[in-house]
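Enquirer: Below you'll find the structure I mean.
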Amino acid sequence: MIIEETFLSREFTFETANPYKTALEIEDRLKNLGNFIERKNTYETDGPDHRVVVVFDIVTKIDEYSKIMVFVELFGNKTTESTKGTITVKTSFILKTEINEYGTVSQAFGEYYVSKFFSRAKKKAEKHTENTIKIMDAFVKDTQK
């Protein structure tokens, strides 16, 4: 049995003087929230255009069967002609529960887990999502001062 529930998908853009530095700072603030998995980290320069792509996941185990997965994509742009660039932040928060059902006993356990423990895992995932959003919002607010 596999249950995946998306809690939140969020996208926002803000201005920053250095999109690559900002992307790395966001990554640094979030990487302590769980098991950090870097997917991509590129900084491209093509004449006056500078592009940044930083993609990573953070996986936090709730218990043996459930985990919270946060997928983060950061896209930045800046030209040498402007003093400010932009960075777009895309995030998805997913709760995944996976119980291998090989027989009657494990199937019964799966049903028991969902009826008794899944709601607790869901509450923990919601709290984790709220905390992560607060960290990101505080960072953006600090960079806009």
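Enquirer: State all residues of region 74-103 that are over 24 Å from ASP28 (Cα atoms) and of a type in the set (A, V, I, L, M, F, W, C); if no residue qualifies, say none.
Expert: Within region 74-103, just ILE99 meets the criteria.
Enquirer: Could you list all residues from region 41-61 that are loosely packed, with under 12 Cβ neighbours inside 10 Å and in contact with a Lys or Arg (Cβ under 7 Å, 6 or more places away or on another chain)?
Expert: Those that are loosely packed, with under 12 Cβ neighbours inside 10 Å and in contact with a Lys or Arg (Cβ under 7 Å, 6 or more places away or on another chain): GLU44, LYS61.
Enquirer: For region 65-100, which residues satisfy the criterion of being of a type in the set (Gly, Ala, Ser) and more than 21 Å from THR16 (Cβ to Cβ)?
Expert: Quick first cut of region 65-100, residues of a type in the set (Gly, Ala, Ser) only: 66, 76, 82, 85, 92.
Scanning region 65-100 gives SER66, SER92.
Enquirer: Quick one: in region 58-84, of everything that is among the charged types (D, E, K, R) and under 21 Å from THR13 (Cβ atoms), which residue is modelled with the lowest pLDDT? Can you show your working first?
Expert: Quick first cut of region 58-84, residues among the charged types (D, E, K, R) only: 61, 63-64, 67, 73, 78, 81, 84.
Keeping just the survivors that are under 21 Å from THR13 (Cβ atoms) gives 73, 78, 81, 84.
On the way: GLU73: 95, LYS78: 90, GLU81: 79, LYS84: 86.
So, considering only residues that are among the charged types (D, E, K, R) and under 21 Å from THR13 (Cβ atoms), the one modelled with the lowest pLDDT is GLU81.
Enquirer: While we're on this one: Please find, among PHE75, PHE71, the residue that is without any contact (Cβ under 8 Å) to a residue 60 or more places away in the chain, of a type outside the set (Asp, Glu) and in contact with an Asp or Glu (Cβ under 6 Å, 6 or more places away or on another chain). Lay out the reasoning, then the answer.
Expert: Values: PHE75 fails: in contact with an Asp or Glu (Cβ under 6 Å, 6 or more places away or on another chain).
Matching residue, one of PHE75, PHE71: PHE71.
Enquirer: Looking only at region 24-41, which residues are among the basic types (Lys, Arg) and assigned to a strand (DSSP E or B)? Steps first, answer last, please.
Expert: Taking region 24-41 first, the residues among the basic types (Lys, Arg) are 29, 31, 39-40.
ARG39, LYS40 - these are the residues of region 24-41 that are among the basic types (Lys, Arg) and assigned to a strand (DSSP E or B).
Enquirer: Give the number of residues within region 104-143 that are more than 23 Å from ASN32 (Cβ to Cβ) and either at pLDDT 90 or above or not in a helix (DSSP H, G or I) (or both).
Expert: 1
Enquirer: Out of all the residues in region 115-127, is one or more on the phi < 0 side of the Ramachandran plot, among the polar types (S, T, N, Q) and buried (at least 16 other Cβ atoms within 10 Å of the Cβ)?
Expert: Restricting attention to region 115-127, the residues satisfying the condition of being on the phi < 0 side of the Ramachandran plot are 115-127.
If we keep only those that are among the polar types (S, T, N, Q) as well, we get 115, 119.
Cutting the leftovers down to buried (at least 16 other Cβ atoms within 10 Å of the Cβ) gives us none.
No.
Enquirer: If you don't mind, another one. So the check is Cβ under 8 Å with 6+ separation or different chains; which pairs have a first residue in region 112-129 that's among the basic types (Lys, Arg) and a second one that's not in a helix (DSSP H, G or I)?
Expert: Going by the 8 Å Cβ cut-off, the qualifying pairs are LYS122/GLU5; LYS122/LEU95; LYS124/ILE62; LYS124/ILE68.
Enquirer: Take LEU33 and tell me if it is buried (at least 16 other Cβ atoms within 10 Å of the Cβ) and in contact with a His (Cβ under 9 Å, 6 or more places away or on another chain). Even if it seems obvious, please write down each step before you answer.
Expert: Numbers: buried (at least 16 other Cβ atoms within 10 Å of the Cβ): yes; in contact with a His (Cβ under 9 Å, 6 or more places away or on another chain): yes.
Spelling it out, LEU33 is indeed buried (at least 16 other Cβ atoms within 10 Å of the Cβ) and in contact with a His (Cβ under 9 Å, 6 or more places away or on another chain).
Enquirer: Continuing with the same structure: If GLU64 satisfies every condition in (1) among the acidic types (Asp, Glu); (2) out of contact with any Asp or Glu (no Cβ under 9 Å at 6 or more places or on another chain); (3) surrounded by 12 or more Cβ atoms within 10 Å (Cβ to Cβ) but one, which is the exception?
Expert: Going through the list (1) among the acidic types (Asp, Glu); (2) out of contact with any Asp or Glu (no Cβ under 9 Å at 6 or more places or on another chain); (3) surrounded by 12 or more Cβ atoms within 10 Å (Cβ to Cβ), GLU64 breaks only (3).
Enquirer: To continue, here is another question. Of these, GLU73, GLU11, GLU5, which one is farther than 30 Å from GLY110 by Cα, out of contact with any Pro (no Cβ under 6 Å at 6 or more places or on another chain) and surrounded by fewer than 16 Cβ atoms within 10 Å (Cβ to Cβ)?
Expert: Criteria check complete, one pass: GLU11.
The values are calculated or read from the model by the stated rules, or taken from the named source; none is laboratory data. Being a predicted model, the structure only gives us computed values, none of them experimental. Methodologically, a virtual Cβ is constructed for each residue, glycine included, from the backbone with ideal geometry; neighbour enumeration extends over all protein chains shown.
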